[in-house]
Amino acid sequence: MTALPEWLRPGARPSGGVSPRPAAHRLLRRTLGAMGRSLALLVREDDGPNAGALRAADPRAKLLAAVGLIVVATFLRGMLPLAVCLGLTLALSVAARVPGRRLLPVLIAVPLASAALMLPATLNVVSGGSPLLVLWRTAGGALGPWRLPEIVAITGDGLLVAGRMVLRTTACAALALLLAATTRPQQLLGGLRSLGVPQAFVMVLAMAERYLAVLLRSAQELHLARLARSVAAIGVRREEAWAAAGVGAVFRRTRALADEVTLAMVSRGFTGEVRLLRPARWQRKDWLLMAVAAAVGAALLILDRRLA
Amino acid sequence: MSGPSGETVFAVEGVRFAYPGQPPCLDGVSFEVRGGERLALVGANGSGKSTLLHLLDGLYFPGEGRVAYLGRPLTEDALEETPFGPRFRQEVGFLFQSSDAQLFCPMVEDELAFGPLQMGWTQDEVLRRIEDTLALLEISRLRGRSPAGLSAGEKKRVALASLLVLSPSVLLLDEPTAGLDPRSQSLLLEILEALHARGLTLVTATHDLTLLPHLADRVIVLSEEHRLVADGAPERVLADTDLLLAVNLIHAHSHRHGRLVHSHPHQHVVAHEHVHDHGHTHED
């Protein structure tokens, strides 16, 4: 029988050393947990018994309508037309029975993120305009060829620029969400393919949709395995270094998995072309959807020009 | 194209295979698989069992020697030819060890539809076969689910269903019961027995000797040197303790009886008897 070393017995401790502080590891754990929850929301299991009528529409019609309205939203300059566009999208989402747990994160996260990005645009030094609120006064003067402003203030014009961008990004995100929430991923990918998006691009999207959850679970397992062997807090810097090394390990697993998936596809006769079960067919209601989307887009553009 | 029972389905002749930049993982392997046979490829981890299954499925190609299916060499060119390529893919199903790799579609229904749609079958035929196959494996309730959210046993059944829907005549199974709980394992073995009774040829790679009585009428043993070292009936192979020790399928096991330390070859499939010097006999 193998003789075990003396130190390998319950309760044995090395002599000397210092008592470590308990490990925290909250940052990475929370990040991975939040990513997992977001993915679970993205990967819908089924439509449920109360699926709205919009779900039954041809994915190509929905795709064209959504992309068309997103393009229109990017051209709108007035706050009112943008607000109308957002309002209509939200009303349609409610009518299509998009769950609130999918809608709310978008309605909170997107405006906050775009507002944070647009903060500099509210200042007179970026957007110009008359000051509404002076933040601080400077001594003025010049820095080389550049003249320094005497005040840094939030302006009405700046608020308008930032507000317009926040409304626009929220409306576009809500439109994209409405499309994603009312179309099965496979149908959406089939729609992209039939609208001429290259096969390789569609396949990459399909694989990403299927395997993000697998890879995230792999990252969580790596993290848990390390957590199980950690007795001391290692600090944010080393935590970051470990996370970077973990990315490398997940990347290696990704490659191995990708190779195996390719073989599994070839084994079942894959020759490079995705073929769909129940391929979508254009019906009268799909043309109607396109016509309504085109009419709404045109009305928004006309309203915008009149108010300009 | 599938041959009658007893005909040579696969002929493997002097196959040598190495992954790029690595030593050979199969070295001069030759054998035949006959129609309707249940063949097990056994060997320790890394002996080349999985690689051999990949060669039989025309996913890898040997550096030396050849693999033939119903007399036709399996080459990249041959598999790109119509009708041989599609017919081969339809007739030979490969159950991968990792169900996550095998289940790549967003929904179980799409997973089952993938193979038949690649074959160019009609929508009605595909839908009919999906329904029948799901019912056969008692997984109709999983039809609209995402494979990502299934248990290991459910994933394995869906993976098997994705092959059976093509009505194959040969199944290549790579460690089919690995990671399954006892109930799922037993159910899978029952399904495989029923399929074999229907005339399917089963080729299973495993290092679990307890499966052999359920999965094989014939066993091929690969050594850690990646050579074929035995080919025979399961009872004969399992009774050859020296062979099993040499290929690392059983191990020298030590245990105590009171103060006495006692060693003997150990495996978990065949009960062995031995008498101790303190008088009693026991089975292990």
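The values are calculated or read from the model by the stated rules, or taken from the named source; none is laboratory data. All figures in this text were calculated on a predicted structure; none of them were measured in a lab. Heads up, the Cβs are rebuilt from the backbone with ideal geometry, glycines too, and the neighbour counts pull from every protein chain shown. The area values use the complete protein model at the heavy-atom level, side chains included, leaving out ligands, DNA and RNA. Shrake-Rupley method; radii C 1.70, N 1.55, O 1.52, S 1.80 Å.
Key figures for this structure:
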{"item": "Any hit, the stretch A:139-146, residues being open to solvent by less than 30 Å² (accessible area, probe 1.4 Å) and within 14 Å of chain B (Cβ to nearest Cβ)", "result": "no"}
{"item": "Residues satisfying the stated conditions in the stretch B:121-151, i.e. part of a helix (DSSP H, G or I), open to solvent by 20 Å² or more (accessible area, probe 1.4 Å) and more than 13 Å from every other protein chain (Cβ to nearest Cβ)", "result": "B:D132, B:A135, B:L136, B:S140"}
{"item": "A:T254 vs. criteria assigned to a loop (DSSP other than H, G, I, E, B), more than 11 Å from chain B (Cβ to nearest Cβ) and farther than 30 Å from A:R13 by Cβ", "result": "no"}
{"item": "Qualifying positions in the stretch B:206-238 - touching a residue at least 60 places away in the same chain (Cβ under 8 Å) and assigned to a strand (DSSP E or B)", "result": "B:T206, B:R218, B:V219, B:I220, B:V221, B:L222, B:L228, B:D231"}
{"item": "Test: residue in the stretch A:187-197 that is touching a Ser or Thr at 6+ places or on another chain (Cβ under 9 Å), surrounded by fewer than 17 Cβ atoms within 10 Å (Cβ to Cβ) and assigned to a helix (DSSP H, G or I)", "result": "no"}
{"item": "Long-range neighbours under 7 Å by Cβ, at least six apart or interchain, first residue within 17 Å of B:P62 (Cα to Cα) and touching a residue at least 40 places away in the same chain (Cβ under 8 Å) within the stretch B:21-49, second in a loop (DSSP other than H, G, I, E, B) and of a type in the set (F, W, Y)", "result": "B:C25/B:Y19"}
{"item": "Residue list for the stretch B:23-79, restricted to those being surrounded by 23 or more Cβ atoms within 10 Å (Cβ to Cβ) and acidic (D, E)", "result": "B:D57"}
{"item": "Residue within the stretch A:165-177 that is more than 17 Å from A:L88 (Cβ to Cβ), touching a residue at least 60 places away in the same chain (Cβ under 8 Å) and buried (at least 16 other Cβ atoms within 10 Å of the Cβ) present", "result": "no"}
{"item": "Every pair of residues 6+ apart whose Cβ atoms lie under 8 Å, when the first sits in the stretch A:57-83 and is closer than 12 Å to A:T169 by Cα while the second is open to solvent by less than 10 Å² (accessible area, probe 1.4 Å) and not in a helix (DSSP H, G or I)", "result": "A:L82/A:L76"}
{"item": "Filtered residues of the stretch A:248-279 (kept if touching a residue at least 24 places away in the same chain (Cβ under 8 Å) and open to solvent by 40 Å² or more (accessible area, probe 1.4 Å))", "result": "A:R253, A:T254, A:A258, A:E273, A:V274, A:L276, A:P279"}
{"item": "Residues of the stretch A:280-291 satisfying the condition of being aliphatic (A, V, I, L, M) and touching a residue at least 12 places away in the same chain (Cβ under 8 Å)", "result": "A:A280, A:L289, A:M290"}
